[in-house]
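To keep things clear, I will list the structure first and then write my remarks on it.
What follows draws every value from the coordinates through simple rules; no lab data is involved. Keep in mind it's a predicted model, so treat the numbers as computed, not measured. Please note: Cβ atoms are built from the backbone with ideal geometry, for glycine as well, and neighbour counts cover all protein chains shown.
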Amino acid sequence: MKERITPAVMVMGASGIVAQILLLRELLIVFQGNELSIGVILANWLILEACGAFFFGRIIDRRKSKVEFFVIVQIAFCVCFTAAVYFSRNIKAIIGIAQAEALGLFSMIAASLLILFSVSIAHGALFTFCCKLYDTVGKESRHASSIGRVYILEAIGTLIGGVLLTYVLIPRFNSIKIALAITGLNLIVCILLLGRFWLSRQRSTKIVGSACLLLLLLAGAIVLTGFDQNLNEASVANQWPGQHVLHYENSIHGNVAVTAREGQYTFFSDGVPIITTPTPNTEFVEEFIHLPMLSHPEPMEILIISGGAGGIITEVLRHSVKKIDYVELDPLILKLVKRYSTALTDNEFRSPELQIHYQDGRYFVAHTDNKYDLIFIGFSYPRDLQVNRLYTKEFFIICSDRLKTEGLLVLNLPGSLTYLSRELSDLNRCIINTLQEVYPYTRKIPGDVNLYLASRSGSILSAGHSDLTERYNKRKLDTRLLTPDHIMYKLHPRWLERFIRSVERGTDRINRDFQPAAVYYSLAYWNALFAPGLRRIFTFLEGVNLWMVLMVFTGLTLLLLGVGAKFKSVTTPIPLCVATTGFAGMLFDLVLIFAFQILYGYVFHWIGIIISAIMAGTALGGHIATITLKRTRNHLRIFMNIELAVAAFTIILPIILTQTNLAENRPLVFLPLALFSGILVGLEFPLANHIYLSNKPSSGLSHTAGLFYGADLIGGWLAGIAGGIFLLPLFGLLGACIVLCMLKLSTLVALVWALLRSR
Amino acid sequence: MTKLENHHECIYPRGTPISKNLFKNGISRRDFLKRGGLFLTGIGLGLFNLSNLPDKDDPQELNKDSLREAMFYRQLDRGAVQCDVCFRQCRLGKGQRSFCRNKMNIGGRLYNLVHSRPAAVQIDPIEKEPAYHMYPGTEILCFGTAGCNFRCKFCHNWHLSQRSIEEMEYTYDLPPAEAVAIAERKSIPTISFTYNEPTSFYEYVYDIARIAKKKGLNVLFHSNGAMNPEPLEELLKFTDAVTIDLKGFTRQFYENVASAELDPVLRTLKTIKKENRWLEIVNLVIPGLNDDPDHIEAMCLWIKDNLGEDVPLHFSRFFPNYRLTNIASTPVKKLEKAHQIARNSGLKYVTIGNVPGHKHNSTFCPNCDKRIIHRTHFRVVENKVTNGKCAFCGYPIAGIW
């Protein structure tokens, strides 16, 4: 029997990570690829799984047919997982939001809770059941070590699951098929576990076994008949009612979908339309291209980063340039634009001046030796960390090196000719500040889309209406909207005066790779659409700086010491230490995930690896700590050392991550970092329990475990929500880690204080 | 101690897996629920409430004397009032705010909080309105401020319309007479109320319109058309032309996408026609939401039967905006089909907007089919309407010329 449980535990570990990552990716697509939502999803998974472990874990004790009950939960997990994948794509309709509508913060939290609910609860219950089973059947082994083995086996399963999912399953199969495969695997394990159930005397065994077999056959039939493909297509098609979905594919960067309607192709990146053919937004493409191109006396070599196909290249070609280099952040978009071509894109791709580079846009710019007259950034705003890679000071410096002396960097941001709200002022101002850090000269052309031209040469930006008109006539441009009259309208000083007055109210921050202030302002802008009531929170937090946090922490620590003085026990601050370590654990996860995205832009691909490494590390840490407990006596000292180590790691981690040579594609560095941060966090929990109980035997195990568990969970959950949305975007990676360090140090000080008092 | 040894061995660390360590002996359910549940509920409720609160607790220093009392409202029992300006007819107890966010019951009287406080004052081409059959190529002085009685998910001016006046970062202090003086000083022939819904700042519109007409200026407003007939008729006395957004032609669309109603809009259209003011209609075509050809045809026939064939109808191309961002923009072919349907229905002046350079961005003579007003986007390239007639065939072209 025991040999049968071993694979069951490993499969459970693997299934857990596959479900978690697959659903996270599906939700991420629904949440428009906004990585900041990862914290929300992980936090919700954490808390739901805990609920499952806690509430259902106790039920199995009361059951006689433990294996059968385990199998039932296993079946529930499989069915819920497959259903969750299907429904995750239609979650908007389920929570009463139109498919065409974007989701706000609260809808995101609700949607992720709803999708993860049954899956993570069932998985939480499974782990507990596994331990019970292992315990029941493995009488020869001692209870604790049996749990230890389950832990290690599950961790191994998690690692294998994470790697298999990332490198084997996702590249080959759609999510529904993967869910069905996991279902099949789990059912086989169940059947093995039940043994020859048809010979069993127990009716329940027979029923459960038959159900497994039946479901296995059903899953097999679905896959073999290709019905999973139909399910997949149906769940995808529901996302674009009234459109014909031609293509739906996940790349390493995210999801790309192509829809058709009335002869128009629309290319969506994570649900957001980015290219429309054959008729683009004429107003945008003509203004975005011709105003900068006319500002340059002789534009010859052009670089377009993103959004080039479907209009922009056509407009650039009207200026008889020598060469256009074109890259996308996600090369899959390019391939699909080519595949679903129209006369417009055919002409663009056939033009001899165009050279397409199937590479990550930022990587290309960092490594090319070419020099350009104009570099166009085609995104509409730094809506997430991936896109923000093109709006930071670091990237602007790289661009500056790729520009000729008279070269221009061109980008656009949302604006308004009628009224500039605070969010728009801040977002625009943040990018203006950043441009001005690198380029001595910037020109702003306000509109409903604001244009920014940045250069090292002042003369290039002094071109007035008459110069532009002269060039317009000389180049014999055949434009629909952008005529000399329109140029005059766009460059009228009244727009600029009003715009300058409005953005003067904006922020002083600049946008950096590891301090993505623009992402914070984009978030505030996006939030204003959905929950205007939260605007003041964003405004308030924006005013918070590290000194204030330090003051607050110092105050809190002093308060704690004052309170602590009354208790003469070393144990008082321990739950607090556990809570802050829980916080640290989740924040380390997010720091690693965000840093990966900032550096390489394909965390969508690697998130499974990072998370499974962290989880395996945590399990390993826990195991090491349990072994250590038996061997050493001075547990408190070890505990304090670990506390110190966590505090130190909060500073070491960002230092390692911000090493410039990491920017060269070196994702493997993230593996040991993830593993180590997991171990560090994992070490603390068993120690904390032990110390607390040793010093306070009266509190009882049940109370202690509940206390620490709650503390750890609250810490982790808070970090997931607050860390992802406020801490990291606002303070940056280093700043967030410094806040974390302060937090850890304040609990450490409290611990030392309590220790001194108790002596 | 032995007992303790056993205990600690049961407890394992966190991470995702930790959660699973509560199996043996378990924590007390009460502890868990108390700590976790209360904490989460607290945070959840707190955040939820915050999201529903206005940006500030109270309107800025409310001084009744400086506020303009609302028109068209009635006093009910116990100090309550009912606003009668739009179809919603908000009933407000003391201190309550209207749906459009702009009116407040202060001491049993209804006041307009945004009077003389525009947030956008701007000069635009009249084509931007769009008002294509009214002094083509001239400028208009536009006014807009906070508030709206609709909740369109695709609102282009949500920064203004979906906010209260207290939430605005800046507004101008501009009494009606001064507003009119700006137009006179800059020699702008027409004043327009646009950007957000004029119904929501009715009293300001009314006061400016009255003065403007006295000074010989033209008055135009762009509305969602959900004003009640009585205030509408009163305002039309001082109005030359109206552009109405007919956002769709099904009650369901109005309800789902704009949280509003279709019938009041149709009533408004008829009233404007009855009062003999110049009327143009805009229909923003949103793919999958209001672009059913049958509905478009029904709309066109209704316009022809109830308003006449001379009413210009503009089909506008939709681009993702505000909350409606996970959706494609309108295919141009769709707009062309809509144009065809409208022409076949007998409407004489049908154009396509938001597609610069499109042939039907221009106006054609219904008689000789020649292009009489050549436009690209909002700019008039050539105007072949002379004395209200087609310069080619002499056919009278409806409008204000």
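What the table below lists for this structure:
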item	result
Alpha carbon convex hull of segment A:535-593, projected area averaged over orientations, nm²	5.8
B:Gln340-A:Asp478 pseudo-label distance in nm [points 7 Å out on the Cα-to-Cβ vector]	2.6
Distance cut-off 15 Å, percentage of C-alpha pairs in segment A:259-327 lying past it	55
Sites A:Arg501 and A:Lys206 - FRET efficiency at Förster radius 51 Å, r taken between beta-carbons, to 0.05	0.05
Per-selection Kirkwood Rh - segment B:113-271 (Cα, Å, 1 d.p.)	15.8
Dipole magnitude of the protein assembly as shown, debye to nearest 20 (Cβ charges: Lys/Arg +1, Asp/Glu -1, about Cα centre)	3160
Protection-proxy order for peptides A:461-473, A:117-129, each taking the mean of Cβ atoms within 10 Å per residue, highest first	A:117-129, A:461-473
Sites A:Ile95 and A:Arg339 - FRET efficiency at Förster radius 56 Å, r taken between beta-carbons, to 0.05	0.95
For segment A:1-152, fraction of C-alpha pairs farther apart than 28 Å, in %	27
Longest to shortest principal axis, alpha-carbon extents of segment A:346-457, angstrom	43, 33, 26
Value of D in µm² per second that Stokes-Einstein yields for segment A:537-659, Kirkwood Rh from Cα pairs, at 4 °C (1.567 mPa s)	74
Euclidean distance of C-alpha centroids, segment A:194-258 and segment A:260-326, integer Å	41
Whole-number D in µm²/s for segment A:693-759 (Stokes-Einstein; Kirkwood sum over Cα pairs; 37 °C, 0.692 mPa s)	232
Directionally averaged projected area (convex hull, Cα atoms, segment A:201-261), nm²	6.6
Qualifying lysines (Cα of each under 25 Å from Cα of A:Lys206; at least 8 residues distant if same chain)	A:Lys2, A:Lys64, A:Lys66, A:Lys132
Pairwise FRET efficiency - A:Leu644 versus A:Tyr489, Cβ, R0 = 60 Å, nearest 0.05	0.40
Kirkwood hydrodynamic radius of the protein assembly as shown, from inverse mean 1/r over distinct Cα pairs, in Å	32.5
Full-extension gain in nm, B:Arg91 to B:Glu255, via 0.36 nm per residue minus C-alpha separation	57.0 nm
Cross-link pairs beyond the 27 Å C-alpha cut-off, checked among A:Lys696/A:Lys744; A:Lys393/A:Lys444; B:Lys153/B:Lys384; B:Lys128/B:Lys153	B:Lys153/B:Lys384
Label-point gap, in nm, between B:Ala177 and B:Ile400 - each point 7 angstrom along Cα→Cβ	2.5
Rotationally averaged projected area of segment B:236-294 (alpha carbon convex hull; nm²)	4.4
Percent of C-alpha pairs per 10 Å bin, segment A:406-456, short to long	26, 54, 18, 1
Peptide-level mean, for A:613-621, of C-beta atoms on other protein chains within 10 Å	3
Cα pair distances exceeding 13 angstrom across segment A:24-75, given as percent	67
Solution diffusion estimate, µm²/s, Stokes-Einstein, segment B:260-401, Kirkwood Rh from C-alpha pairs, 37 °C, viscosity 0.692 mPa s	205
Above-threshold pairs, the threshold being 26 Å between Cα atoms, out of B:Lys270/B:Lys334; B:Lys103/B:Lys237; B:Lys186/B:Lys359; B:Lys273/B:Lys389; B:Lys214/B:Lys348	B:Lys270/B:Lys334; B:Lys186/B:Lys359; B:Lys214/B:Lys348
Cβ neighbours within 10 Å from other chains - mean over B:278-287	1
Between segment B:202-235 and segment A:50-124, the Cα center-to-center distance that results, in Å	56
Cα point-scatterer Debye curve for segment B:359-400, base-10 log of I(q)/I(0) at q = 0.15, 0.18 Å⁻¹	-0.30, -0.43
Centre separation in Å (Cα based) which lies between segment A:623-692 and segment A:376-413	37
Separation in nanometres of the label points that stand 7 Å from Cα toward Cβ, at A:Asp448 and A:Ala181	4.7
